Amino acid sequence: LLLELVQRVQGLVSEELEPFAAEPVRAGLGHDRHVPARAAAEFRRGLTEVHLDLADHALRKILARLDHLGATADVAKIAAAIGREFTVELLQALTPESDADALQAALDQLIAAGLILPVGPPPWTTFVLRHGLSQYAAWTILFCSKRKVLHATIVRVKGLALRQRKID
């Protein structure tokens with residue numbers, strides 16, 4: 001039974017599926033109360049390679065999606081520099097050259113691509129990068145010099161917002 005499950009998970013890696021489709025399966029592996037502890041431990045050890053294959057497969061799919069998005073990928077890169085959770089206001093402050101409509105269109109494309117999720121109703125919507133691998137992928141294709149500038153700008157913008165809140 002355990003061998004069969006490992007083979008099914010390996011099959012997910014080779015199929016052209018949503019990069020995160022295997023995540024629920026991976027999360028539950030080896031946590032079944034009906035599997036003896038020794039068998040579950042052996043099972044988890046045997047899955048190390050499968051986990052790496054799943055992560056590598058998902059990362060490649062995410063990078064391909066980002067590449068396909070073109071200029072919209074720049075918004076994903078900035079979001080990744082901010083962190084896993086970000087607001088439209090902070091994105092707007094970091095991309096002053098783009099107007100609100102263009103930024104919203106880019107966010108809609110990222111949602112359609114399955115890379116980000118909106119949290120909360122407008123106008124208080126916060127966005128979350130769907131998976132840590134999404135953040136990692138977008139962050140790694142950002143040039144180091146651009147990362148440094150973005151991080152400095154993020155600190156400055158957040159510092160200004162904090163000072164403004166203290167004044168109010």
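The values are calculated or read from the model by the stated rules, or taken from the named source; none is laboratory data. For clarity, every value in this text was computed on a predicted model and none was experimentally measured. FYI the Cβ positions are ideal-geometry reconstructions off the backbone, even for glycines, and counts take in every protein chain you see. Accessible surface is based on the protein model in full, side chains and every heavy atom, while ligands, DNA and RNA are left aside. Shrake-Rupley method; radii C 1.70, N 1.55, O 1.52, S 1.80 Å.
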| note | From highest to lowest solvent-accessible area (probe 1.4 Å; ligands, DNA and RNA excluded), K148, K166, K77 read K166, K148, K77
| Carbon plus sulfur fraction of accessible area for the range 110-168, probe 1.4 Å, in percent | 67
| Excluding ligands and nucleic acids, what accessible area in Å² is computed for H151 using a 1.4 Å probe, to the nearest 10? | 70
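Quick check: net charge around T126, other residues with Cβ under 11 Å of its Cβ, Lys/Arg +1 and Asp/Glu -1?
Local charge sum for T126: -1.
Per residue, how many Å² of accessible area does the range 63-138 show with a 1.4 Å probe? Write out the running numbers ahead of the final one.
On the way: 3750 Å² over 76 residues.
Here the per-residue accessible area is 49 Å².
Give the ranking of R147, R130 by solvent-accessible surface, highest area first, calculated with a 1.4 Å probe. Write down the numbers at each step before the final one.
Working: R147 45, R130 90 Å².
These residues rank, largest area first, as R130, R147.
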| request: Take the Cα atoms of the range 81-125, build their convex hull, and give its volume per residue in Å³. | output: 80
